[in-house]
Amino acid sequence: MLTRRKFLTAAAAGAATLSTFTRLPGVAAAEYDLIVAGGRVIDPSHAFDAVADVAIAGGKIAAVRPGLAPGSAAATIDARGKLVVPGLIDIHTHAGRTMGDAATCLSQGVTSLVDAGSQGADRIDEVVAVAKAAPNRMRVLVNIAKTGILDEGELNDITHADVAATRAAIERNRDMVVGIKARLSKNVAGKNDVEALRRAQQVAKPLNIPVMIHMGQTFSPLPAIFALLKPGDIVTHIYAPPPHGIFDESGRVLPEVVDARRRGVWFDIGNGRTGHLTWAMAGHAMESRLLPDTVSTDWTTNELARTEQVIDFGNVLSKFLMLGVPLSDVIAMATSNAAKTFPAFKGLGTLSVGVPADITLLELREGPFDFFDNERAKRSGTQRLFAARTLFGGKG
C-alpha cells in the first residue's frame, strides 16, 4: 500500500542502481571513520532494502553496500539483527519547551524535529534558543497566536492572531523558524478558525513558508478550511474523528481532501492524545486508501502521552505496522517523506552518499504489543519498533 509520494519515489528509484551507494571519490578504504555493519538497511528514498554495511567519513555517508572490510574503519558498530534507516524526522512535536526535550527525542531515534507552534510571537525567542542548543537538528513553527498555546484556546480571541508581530518574529529568526502553526479546533479557535488561517496565510505567502493546520472538531466545515491551503502546507491530525473530519456523512473521502493532496498539501498524523487519532478513523482511512504522507508524534512531556498513547516515535510508527502498512512505507513516512515537508530538511531522510550521516538503528521486536488510540481503546499487534542507537552527523 503506497502513498502518492511513495509511489513517485519508487518510480524514480526504478532508474537508480546501487552505484548511488558507492564510496565517495577520493576516500580511501582505510579512511572510514565508522562502519555500521551487517544490518538490514532500509532507505526508501532509493527503494533499497537489503543486508548491507554503511560507511561514514567526515560526518557524512561514504558508502552503502554489502561486504565492506571490517578493518577499513577506525570503529565498527555491529548492526546484525537490526534495521539501519535514515535518521528519523518528527515534524510535529512540542519539544521546544525545555532543554531536555530534544535530547529525549534524540534517544528515541529522532535526528531532526520540529516544534510545532508551542509559542507565538511574544515568546518565540525562547523556543528558538532551545532549538539552537538542541543536540539534534531542531526547527520551529511560530504559532499564529502571539500568546502561543493556551489552555483556554489561544485563538478564541482573534486579536491574538497578530499578523505584524508574527511576521516580525519570523524575520528575526529566519534561520530557525520554518513555518506557521494554526490550531483550528473549536475549543482552540471557536468561530475564528477560518479568519485565523487567513491571517496565517497573509504572513506565510510573501515569505514562501508553509502553514501547518491542526484540524479536527472545527467550527467551520473542512472544505471551507481546505480552500485556504496552498501547495506545501501541512494538515496534521488527518485521522481526527468528527465533527468535520476527512469523510462526509456517508463515509466517503471529501473531494476537497482529494483535491488538496493533488495540489501538493501534505497529510500528517500527529498522534497526540486528545481527539487526533482513533482506530475507527484510521481503519476507515486504510480501507479508503488514504494513507498519511508523514507520521509524527505530537510529542509533549505530558505524563499520559508519554506512558500510554504516544510513548515514543517507535510506538507511533508501530501503530501503522499494526494497521497493515508495509514496513518500508512506515519508514518512508518518518524519513524520506518527512524530509520533503520543509526546505530546512532538504537532502535528509536518505542514506545517499555525501549527505549528513544521520542514522537510526531500530529493533523490530515480535509481539504481542498493545497500542492505544486517543479514546484509550486498545488494539494488539505482533511487532513493535524500538530505537537501539542514534547517530547524528556520524556521532552517537
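Nothing in this text is a laboratory measurement; each read-out follows from the coordinates by a stated rule. Values in this document were obtained by computation on a predicted structure and should not be read as measured data. Every residue, glycine among them, receives a Cβ derived from its backbone with ideal geometry; neighbour counts consider all protein chains shown.
Numbers at a glance
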read-out	value
Region 282-341: trypsin sites (Lys or Arg not before Pro) falling in loop per DSSP and having at most 12 other Cβ within 10 Å	R289
Among P210, P86, P66, residue whose mean-square fluctuation peaks in a GNM of the chain (springs only between Cα atoms under 10 Å)	P66
Highest-fluctuation residue, A165, A224, A103 considered, GNM on the chain with Cα pairs under 10 Å	A224
GNM top mover of V355, V140, V84 - the chain, alpha-carbon springs below 10 Å	V355
Residues with amide H under 5 Å from that of D233, placed H, sequence gap 5 or more	V211, W266
For the chain, calculated [θ]222 nm from helices alone, where every DSSP H run of n ≥ 4 adds -39500 (n - 2.57)	-7000 deg cm²/dmol
Within the chain, longest stretch clear of exposed GluC sites (Glu not before Pro) (DSSP loop, no more than 11 other Cβ within 10 Å)	1-151
Stretchable slack from A133 to S380, in nm (0.36 nm times residue separation minus alpha-carbon distance)	85.1 nm
Nearest-0.05 FRET efficiency for N208 and D259, computed from C-beta distance (R0 30 Å)	0.85
Helix 4-13 vs. the chain, principal-axis angle (Cα, 0 to 90°, nearest 10)	20 degrees
Other-chain or far-sequence residues with amide H under 5 Å of G349's (modelled H)	G87
Backbone HN-Hα couplings from phi across region 66-73 [Karplus 6.51/-1.76/1.60, Hz, Gly and Pro as x]	x, x, 5, 5, x, x, 8, 9
Vicinal HN-Hα couplings computed from phi for region 201-207 (Karplus, 6.51 cos²θ - 1.76 cosθ + 1.60; Hz; Gly/Pro x)	5, 4, 7, 6, 4, x, 8
³J(HN,Hα) computed for each position of region 93-99 - Karplus, 6.51 cos²θ - 1.76 cosθ + 1.60, integer Hz, glycine/proline x	9, 10, 9, x, 8, 9, 5
